[in-house]
Amino acid sequence: METKELTPGKFGVNFGLILGGVMLIISIIMYATDMPFKGIQWPVYLYYIAFPLTIIYTISQFKKQNNGLLSLGEAMKTGIVVALISALVYVLYVFIFNYVIDPTYNSKIIDFATEQIAASEAPVETKEAQLKMIEFFSSPTMGSVFWVAMSLFFGLLYSLIGGLVMKRANE
């Protein structure tokens, strides 16, 4: 009988899919209820809480399945896989959403943001810079690249913290 080797990469995939699903649910709820146009952002904060908790939990479960052993490298690989898979799930959704489900959504967001910025007391130069940033990140491609990069960065950070706290070598 063949024994399957426990690898951080394979272990992190399922949790990455779950975390990506959480982000999809949050995005769908926000879209369906027009929250961005009402200035309601609290559902996104749920993701900011779920992200590190999922990474830390996944690392702890990997350690548990690995007979209580965990190296810093295994922790980091596990967490980065969770972050990457969840980001890729969300990126896939972003492209489907922006090119199939509602191709006009980004222009609506830009129009809404333009109105909000125009009504602000900020100097003209600041308003122009804000609009350029919004237009840049509203592009599905650039927004997705940024999302993956930030997910990997924070995945690395939380994995490092989790790994340093939970690492345990074979004695």
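Numbers for the structure displayed
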{"read-out": "Thr126-Ile29 pseudo-label distance in nm [points 7 Å out on the Cα-to-Cβ vector]", "value": "3.3"}
{"read-out": "Virtual spin-label span in nm between Leu17 and Gln65, 7 Å along Cα→Cβ", "value": "1.2"}
{"read-out": "Relative contact order of the range 26-127, defined on C-alpha pairs under 8 angstrom at six or more residues apart (%)", "value": "21"}
{"read-out": "Over the chain: helical MRE at 222 nm, DSSP H runs n ≥ 4 each giving -39500 (n - 2.57), nearest 500", "value": "-27000 deg cm²/dmol"}
{"read-out": "Globularity index of the range 114-158, i.e. its alpha-carbon radius of gyration over 2.2 N^0.38 Å", "value": "1.51"}
{"read-out": "Label-point gap, in nm, between Leu164 and Ile96 - each point 7 angstrom along Cα→Cβ", "value": "3.8"}
{"read-out": "Candidate lysines - alpha carbon under 24 Å from Lys77, same-chain residues fewer than 8 apart omitted", "value": "Lys4, Lys10, Lys63, Lys64, Lys167"}
{"read-out": "Top of Ser159, Ser71, Ser151 by mean-square fluctuation, Gaussian network on the chain, Cα under 10 Å", "value": "Ser71"}
{"read-out": "Order of Glu121, Glu135, Glu128 under a 10 Å beta carbon neighbour criterion, fewest first", "value": "Glu121, Glu128, Glu135"}
{"read-out": "Top of Val89, Val100, Val145 by mean-square fluctuation, Gaussian network on the chain, Cα under 10 Å", "value": "Val100"}
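FYI, it's all coordinate maths here, none of it is from the lab. Source: prediction; values computed, not measured. Ideal geometry is used to build each Cβ from the backbone, glycine not excepted, and the neighbour counts take in all protein chains shown.
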